[in-house]
Protein chains: 2
Amino acid sequence: TIYAITPTYARWTQKADLTRLSQTLLHVKNFHWIVVEDADRKTLLVTKFLSNCGLKYTHLNAKTDQNFKLKDSDPNWLMPRGVAQRNTGLTWIRNNISPQTEGYLYFMDDDNTYDLQLFKEIRTTQLASAWPVGLSGGLKFEGPGFCKDGKVLSWYTAWKPERPFPIDMAGFAVNIKLLFQYKEAGFSNATPRGYLESHFLTGLHLTINDMEAKANQCTDILVWHTRTEKAKMKQEDKLIKLGKPSNPNIEV
Amino acid sequence: TIYAITPTYARWTQKADLTRLSQTLLHVKNFHWIVVEDADRKTLLVTKFLSNCGLKYTHLNAKTDQNFKLKDSDPNWLMPRGVAQRNTGLTWIRNNISPQTEGYLYFMDDDNTYDLQLFKEIRTTQLASAWPVGLSGGLKFEGPGFCKDGKVLSWYTAWKPERPFPIDMAGFAVNIKLLFQYKEAGFSNATPRGYLESHFLTGLHLTINDMEAKANQCTDILVWHTRTEKAKMKQEDKLIKLGKPSNPNIEV
Ligand SMILES: O=c1ccn([C@@H]2O[C@H](COP(=O)(O)OP(=O)(O)O)[C@@H](O)[C@H]2O)c(=O)[nH]1
Ligand SMILES: O=c1ccn([C@@H]2O[C@H](COP(=O)(O)OP(=O)(O)O)[C@@H](O)[C@H]2O)c(=O)[nH]1
Ligand SMILES: [Mn+2]
Ligand SMILES: [Mn+2]
């Protein structure tokens, strides 16, 4: 089973993003979706969405500490995103899945794009695996560089190459047996920018030498770090100011 | 059969957008995807993508007249988008599908988000049908307003309400018999901003009185006018300037 942890937060495009991601996941067998809302309590929108999505899922919530919450005007790189949510997902796996279960952990942000072949690759992960992520790190792709015989030999990145794992959250998977072996491994808001992935993977006592190269020796792009444009709500904002928003009974 | 016309053009996020859209469409039976590239000739990327996507498709191309082509620095509303491509798709249907075929025409932009229920609704279109589009027109949703007994009685929009059809391209479908009845109906680059849909639908001799209300009397949002953020390629642009782009053999 692939256990995928997806942090998600309320915004105009949330239901759309979750909808198309769920349509991708409906093609994947033996998949368990752990959706963690960045919210004090589970929202009605996500609750209804999940109960109708046709997937096997677990619905959790964990609010980002307000000291680490992005403001609407902040650039999105200012704070780490998804930290509390991913930790909550990891705790759920450690507490609810038996350590003997054959399983794979993958972090799936709600606005990325995933090729179906990726899920087949993830299922071959002995310990930990990696592949390049398209449109990441300001590059065409970022992640494993030179690979040979199924091993990652170097990284390809343009930014902070000194990072132990200069790869995106979407660029690796680990066998869940590691989560039970290293029970402290997780994420922290105190991590410097760009180091979330490295912090987690070094917490699992992994080095580049452990990384299995997937996706055709890391020459195929099977996941893209797409981002959904913030919805332009010029007219709606006016209506809200006038106290006359669009029909609140219609969910978008 | 639903005949869906999708204009598409080369950009960093194109393959990602086509990939997730194709994953949506793989859930839809009796579907024929007419993909029209905005290009002088069919590209290798789209050709390979389509031949592997598992859908029934027709691959066409039609380059947007350079006088009407957006520059990278232009705001996207400056020019109509997808005109030549949609016309090419319409011509293909008129020349290749028998007028007796039971079929429905729908325009699907490559970066929108579609709920699977929408395709069931489209298949009940006697003449022409409409439903609201989420995140459109600067509003939470735009399109049909008050509906009753399956008829659209008013429009809901905040911008140019005088338009005959103040709805997005994703907000309507027509029975293909109309295409054979009104052979001139199509799109034009000379259409004023916001009037593409109205021009096409009035060309099919339709008025609001003809519009069948779908999506639960137009109270459910089954399609969202999402937009994919332009990829940030700061590092890649530097490499390109240095004549050392990322491996050109890796397709993104
Ligand atoms: O305040 C926030 C911002 C983001 N996210 C989630 O964290 C992940 C990464 O965020 P985002 O996609 O905005 O970041 P980027 O694309 O810049 O990496 C996504 O699944 C978001 O839904 C969250 O839970 N709370
Ligand atoms: O130069 C262009 C710009 C856009 N499009 C296509 O036309 C449709 C509408 O364009 P876009 O999504 O950029 O417009 P918007 O979201 O602003 O309506 C999409 O399917 C695009 O792929 C195109 O063929 N050529
Ligand atoms: Mn993202
Ligand atoms: Mn669009």
What residue among A:His27, A:His59, A:His199 has the largest mean-square fluctuation in a Gaussian network model of chain A, using Cα springs under 10 Å?
A:His27
Beta bridges by DSSP in segment B:114-248, antiparallel share as percent, to the nearest 5:
75
State the dimensionless ratio Rg/Rh of chain B (Rg: radius of gyration of Cα atoms; Rh: Kirkwood radius).
0.97
Using DSSP to call loops (not H, G, I, E or B), can you name the trypsin sites (Lys or Arg not before Pro) in segment B:26-87 whose Cβ has at most 12 other Cβ atoms within 10 angstrom?
B:Lys29, B:Arg41, B:Lys56, B:Lys71
Whole-angstrom Cα spans of segment A:181-222 along principal axes, big to small
34, 26, 15
Grab the beta carbon distance between A:Ser188 and B:Ser51, set R0 = 45 Å, and tell me the FRET efficiency rounded to 0.05.
0.50
For the protein assembly as shown: rounded, prolate or oblate by the Cα gyration tensor [a/c cutoff 1.5]:
prolate
Residues with amide H under 5 Å of B:Thr228's amide H, sequence separation 5 or more or different chain, H placed in the peptide plane at 1.01 Å from N; which?
A:Glu229
Considering only A:Thr101, A:Thr226, A:Thr24, give the residue with the highest GNM mean-square fluctuation for chain A, with springs between Cα atoms whenever their separation is below 10 Å.
A:Thr101
Label segment A:133-223 by shape, choosing from rounded, prolate and oblate, from the square roots a ≥ b ≥ c of the eigenvalues of the Cα gyration tensor; if a/c is under 1.5 it is rounded, and otherwise prolate applies when a/b is larger than b/c, oblate when it is not.
oblate
Mean-square fluctuation check for chain B, GNM, Cα pairs under 10 Å: which of B:Met211, B:Met233, B:Met79 is largest?
B:Met233
Calculated FRET value between A:Thr91 and A:Lys29, using beta carbons and R₀ = 30 Å, to 0.05
0.70
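Evaluate the relative contact order of chain A (contact order divided by residue number), counting alpha-carbon pairs under 8 angstrom at least 6 apart; express in whole percent.
22
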Rolling a 1.4 angstrom probe over the protein chains, ignoring ligands and nucleic acids, what is the accessible area of A:Asp65 in square angstrom, nearest 10?
70
Please state the relative contact order of segment A:30-90 as a whole percent: Cα pairs under 8 Å, 6+ residues apart?
41
Out of B:Leu222, B:Phe187, B:Gln235, whose Cα points farthest toward the positive end of the dipole of segment B:124-252 (charges: +1 Lys, Arg; -1 Asp, Glu; placed on Cβ)?
B:Gln235
Tell me the distances, shortest first, between A:Thr91 and the same position across the other copies, using label points 7 Å along Cα→Cβ, in nm to one decimal.
6.2
For A:Arg227, tell me the accessible area in Å² from a 1.4 Å probe, rounded to the nearest 10.
60
quick note, chain A, DSSP beta bridge pairs, % antiparallel (nearest 5) is 45
Give the lysines whose C-alpha is closer than 26 Å to that of B:Lys177, dropping any in the same chain fewer than 8 places away, or say none.
B:Lys29, B:Lys56, B:Lys120, B:Lys148, B:Lys151, B:Lys214
Whole-Hz Karplus couplings 3J(HN,Hα) for segment A:125-132, θ = phi - 60° and coefficients 6.51, -1.76, 1.60, Gly and Pro as x, run 6, 6, 10, 8, 9, 8, 7, x
DSSP bridge orientation in the protein assembly as shown - percent antiparallel, rounded to nearest 5:
45
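Given contacts defined as C-alpha pairs under 8 Å and at least six residues apart, what's the relative contact order of segment B:128-252, whole-number percent?
Numbers: 200 pairs, mean separation 40.2, N = 125.
Relative contact order for segment B:128-252 comes out at 32 percent.
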What are the nm distances, shortest first, from B:Thr191 to its equivalents in the other copies, labels at 7 Å along Cα→Cβ?
4.7
Quick one: Karplus J couplings for segment B:184-190, per residue in order, coefficients 6.51, -1.76, 1.60, θ = phi - 60°, nearest Hz, x for Gly and Pro?
8, 4, x, 10, 9, 5, 7
Size of electric dipole in the protein assembly as shown: Cβ of Lys, Arg +1 and of Asp, Glu -1, about Cα centre, debye, nearest 20
160
Rounded, prolate or oblate (a/c below 1.5 giving rounded, otherwise prolate when a/b exceeds b/c) for segment A:67-129 by Cα gyration tensor:
oblate
Put a label point 7 Å from Cα along the Cβ direction on B:Lys71, then list its distances to the equivalent points in the other copies in nm, shortest first.
3.5
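Cβ under 9 Å from B:Phe107's Cβ, B:Phe107 left aside: what net charge do those residues give with Lys, Arg +1 and Asp, Glu -1?
Numbers: positive: B:Arg86; negative: B:Asp109, B:Glu197.
Computed value for this residue: -1.
The values are calculated or read from the model by the stated rules, or taken from the named source; none is laboratory data. In this text the structure is predicted, and so the values were computed from the model without any measurement. Because the Cβ atoms are built from the backbone with ideal geometry, glycine has one as well, and the counts that use them run over all protein chains shown. What goes into the accessible areas is simple: the full protein's heavy atoms, side chains included, and nothing from ligands, DNA or RNA. Shrake-Rupley method; radii C 1.70, N 1.55, O 1.52, S 1.80 Å.
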